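**Q** Quick one: structure below, then a few questions.
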Amino acid sequence: MIDFSLSPEQLALRNAIRAFAEANLKTARSVYESPGQTSSKWENRFRSTQPIYAEAAKAGLIKAQIPKQLGGAGGPLIEAALVVEEFYAVDTSASLTILGTGLGLTPLILAGSPEQHKKFFKPFLEGAGTPLASLVFSEPGGSANFAEPGAPGFQTVARLEGDEYVISGEKIWATNCSGWDDRGADVQCVLCRVIGSASTEDVRGQTAIIVVTREDIASNDPGAYSVLSHPETVGLRAVNGPHIRFKDLRVPKFNLLAPPGKGVDVVEMTFTASAAIVGAMGVGIMRQTFDRVLAWAKENRRGSKEAMIHKQSVADLLIKIKIRCEAARALVWKAACCFGSTQFGAELCYEAKIFGSESAVASVMDAINLVGVSAYSRSQPFGDLLNDAVVLPIFDGGNVGVRRRQIEAIFANDAYDPWETTFGADE
C-alpha cells in the first residue's frame, strides 16, 4: 500500500522542529540583517547567529545529525528531509549553519573508525556549546571535474611525514569551516590528494579525506591555517563559507579518515544524500513563498473591487507554485526512502536536487511577477527569498556541472532499470 501520511513519530518530530523554528528562526533575519549587522563585516553577520545555534545544540538538533547507532539521535534520511523543510520554510541562513554541520559530519559517519567516532563526535554529542563541522571540498579554481581521468585533481595536497600528514592548499565555500572565530571548525573533513600514494595520472587513487580539528590548528604555528577572506554573496547573508589556506599544517596520522583511493567514494556518497536535502531546502523556500504570496493575494485589491486572489492570472501563478511544491516534496520523500536501498536510488536524489532547486527559483520569480513592482521593495520578503533561492541550483554540486552528469552516467549504465525505484527490479 502507498501511504504518504507521516507516522506518529515523524509527525511528532515535525511538530517539534516547527516549534523550534517558530521560537528561534522566525526572527533570525532581523538579527543578522539588523542595521548594525548589515553595515558590519560579513563574518559578524554569521557570528550574530551563534545564540540560535546554541539553542539548536541544547534542543538536540546537533546530536540528531549523528545516527543513533553511533551515539547520536539521528534517524533515516526522510527524517532529515522533514527537518530541513521546516527550517527553510522559516529561515535560510541560520538554518544552513546548523545543517552544514550535518554535512560536515557525514564523511566521518560513513568512513570513520570506532576510535575516530569516539574522539571526533564528542563535542557534537554533548548538547551544549556551539560545535561546528565542515566538509571542506571546493577550491578557488573549481572542483566539479576533480576526479576526471587525466585531470590534475585537488590542488590541496598532503604528504606523509613519519606519524603526521602535512597539508597545504586553499579551499573556499566550505560552510562553517573557519569556525566562529576564524581558527577553524571543531571538525573539518578535508578533501585532498596524498602525494606519492598513487601514480600522478590516478587522481581517484590519490584522493583522501583527512580530519582537521581546532586542536590540530592550535598546535601548529599560527600561519599554518589562515582565513584569506569572507566572500560577499548575493544571498545567504549570514552563512560562513570563507576562502582559507593550509600551509604545512600538521595533523596526526590517526586523522586519516578515508585513505587514498577511498576518498572519492565517500564524498560521492555524502553528496548523494545531501542532494535530497537540497531538494527539501527548495520545498521549504517554495512553501514560505506560497504562504506569503497567498496571504498577499487575499489581502490586496490593487485598485480593483475584489481581492487579487479572484484574478485568474494571479490564481494561475499560485497554482503553479503550489504544484511545484507538492511535486518536489513527493520526489524528495521518495528519494529519501530509496536512498541506499536500491541499486540506482541515487538517481532520485539527484533529480530531487535539480527539480527542487530549480522549482524554488521559478516559484519565487512567479511570486514576484504576481505581486508586481511592489515586490521589489526591501519591505517585501521576495527579493531576499530570490537571493537565497538562486544558490540552490549551483551549490552542493551544480545542476549543470555535476548533478545532470551524474544522472547521465546512471542512464548509460548497461544494467540501468529506469523503474526499479518504483516497481522493484525486473526478474
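**Q** Can you pull out the residues in region 117-145 that are open to solvent by less than 10 Å² (accessible area, probe 1.4 Å) and either of a type in the set (S, T, N, Q) or free of Cβ contacts under 8 Å to residues at least 40 places away in the same chain (or both)?
**A** The one that is open to solvent by less than 10 Å² (accessible area, probe 1.4 Å) and either of a type in the set (S, T, N, Q) or free of Cβ contacts under 8 Å to residues at least 40 places away in the same chain (or both): Ser134.
One line per residue, one yes/no per condition, for (1) modelled with pLDDT under 95; (2) of a type in the set (Lys, Arg); (3) more than 20 Å from Gly112 (Cβ to Cβ):
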position: Gly141; (1), (2), (3): yes, no, yes
position: Phe146; (1), (2), (3): yes, no, yes
position: Ala158; (1), (2), (3): no, no, no
position: Glu164; (1), (2), (3): no, no, no
position: Glu170; (1), (2), (3): no, no, yes
position: Ala174; (1), (2), (3): no, no, no
position: Thr200; (1), (2), (3): yes, no, yes
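**Q** Take Arg301 and decide whether it is outside any helix (DSSP H, G or I), touching a residue at least 12 places away in the same chain (Cβ under 8 Å) and open to solvent by 20 Å² or more (accessible area, probe 1.4 Å).
**A** No, not satisfied.
**Q** Of all residues in region 3-25, which are out of contact with any Asp or Glu (no Cβ under 7 Å at 6 or more places or on another chain), touching a residue at least 40 places away in the same chain (Cβ under 8 Å) and assigned to a loop (DSSP other than H, G, I, E, B)?
**A** Residues satisfying the conditions are Phe4, Leu6.
**Q** Still on this structure, please answer the following. Would you check which residues across region 197-229 are outside any loop (DSSP other than H, G, I, E, B), over 26 Å from Tyr53 (Cβ atoms) and of a type in the set (Ser, Thr, Tyr) and list them?
**A** Thr207
**Q** In contact with a Leu (Cβ under 6 Å, 6 or more places away or on another chain), of a type in the set (Val, Ile, Thr) and open to solvent by 10 Å² or more (accessible area, probe 1.4 Å) - does that describe any residue in region 265-277?
**A** yes
**Q** Quick one: count up the residues across region 243-256 that are open to solvent by less than 10 Å² (accessible area, probe 1.4 Å) and in a strand (DSSP E or B).
**A** 4
**Q** Can you name every residue in region 385-417 that is more than 16 Å from Phe290 (Cβ to Cβ) and among the charged types (D, E, K, R)?
**A** Once the filter is applied, which keeps residues that are more than 16 Å from Phe290 (Cβ to Cβ) and among the charged types (D, E, K, R), region 385-417 yields Asp396, Arg403, Arg404, Arg405, Glu408, Asp414, Asp417.
**Q** Hey, any hits in region 230-242 for a residue that's open to solvent by 40 Å² or more (accessible area, probe 1.4 Å), over 26 Å from Glu86 (Cβ atoms), part of a loop (DSSP other than H, G, I, E, B) and not hydrophobic (A, V, I, L, M, F, W, C)?
**A** Yes, that holds for at least one residue.
**Q** Looking at region 228-267, which of its residues are closer than 20 Å to Ser178 by Cα and either among the hydroxyl-bearing types (Ser, Thr, Tyr) or without any contact (Cβ under 8 Å) to a residue 60 or more places away in the chain (or both)?
**A** Leu228, Ser229, Thr233
**Q** List the residue pairs whose Cβ atoms are under 6 Å apart, where the first residue sits in region 68-79 and is under 15 Å from Glu126 (Cβ atoms), the second is at pLDDT 95 or above, and the two are 6 or more positions apart or on different chains.
**A** Leu70/His117; Gly71/Leu125; Gly72/Lys63; Gly72/Ile66; Ala73/Gly60; Ala73/Lys63; Ala73/Ala64
**Q** Which one is surrounded by the most Cβ atoms within 10 Å (Cβ to Cβ), of the residues in region 344-354 that are out of contact with any Gly (no Cβ under 7 Å at 6 or more places or on another chain) and assigned to a helix (DSSP H, G or I)?
**A** Only one residue tops the list, namely Cys349.
**Q** I want to confirm something. Restricting to region 357-416 and keeping residues that are of a type in the set (Val, Ile, Thr) and more than 25 Å from the chain's Cα centre (by Cα), which single residue is most open to solvent (accessible area, probe 1.4 Å)?
**A** To start, the set of residues in region 357-416 that are of a type in the set (Val, Ile, Thr) comprises 361, 364, 368, 371, 373, 390-391, 394, 400, 402, 407, 410.
Checking which are more than 25 Å from the chain's Cα centre (by Cα) leaves us with 368, 371, 373.
Details: Ile368: 37, Val371: 8, Val373: 127 Å².
So, considering only residues that are of a type in the set (Val, Ile, Thr) and more than 25 Å from the chain's Cα centre (by Cα), the one most open to solvent (accessible area, probe 1.4 Å) is Val373.
**Q** Kindly provide the set of residues from region 105-116 that are surrounded by 14 or more Cβ atoms within 10 Å (Cβ to Cβ) and among the polar types (S, T, N, Q), ordered by number.
**A** Thr106, Gln116
**Q** Checking the structure you have, find out if any residue of region 32-44 is assigned to a strand (DSSP E or B) and either open to solvent by less than 30 Å² (accessible area, probe 1.4 Å) or out of contact with any Lys or Arg (no Cβ under 6 Å at 6 or more places or on another chain) (or both).
**A** Taking every residue of region 32-44 in turn, none turns out to be assigned to a strand (DSSP E or B) and either open to solvent by less than 30 Å² (accessible area, probe 1.4 Å) or out of contact with any Lys or Arg (no Cβ under 6 Å at 6 or more places or on another chain) (or both).
**Q** For region 376-399, give me each residue that is hydrophobic (A, V, I, L, M, F, W, C) and over 20 Å from Ala174 (Cβ atoms). I'd like the intermediate steps shown before the answer.
**A** Pass one, region 376-399, residues hydrophobic (A, V, I, L, M, F, W, C): 382, 385-386, 389-392, 394-395.
Of everything in region 376-399, those that are hydrophobic (A, V, I, L, M, F, W, C) and over 20 Å from Ala174 (Cβ atoms) turn out to be Phe382, Leu385, Leu386, Ala389.
**Q** Which numbered condition in (1) at negative phi; (2) open to solvent by less than 30 Å² (accessible area, probe 1.4 Å) is the only one that Gln69 fails?
**A** In the conditions (1) at negative phi; (2) open to solvent by less than 30 Å² (accessible area, probe 1.4 Å), Gln69 misses (2) alone.
The values are calculated or read from the model by the stated rules, or taken from the named source; none is laboratory data. Here the structure is a predicted model, which means the values were calculated and not measured. Ideal geometry is used to build each Cβ from the backbone, glycine not excepted, and the neighbour counts take in all protein chains shown. In case anyone asks, the SASA skips ligands and DNA or RNA and just uses the protein heavy atoms, side chains included. Shrake-Rupley method; radii C 1.70, N 1.55, O 1.52, S 1.80 Å.
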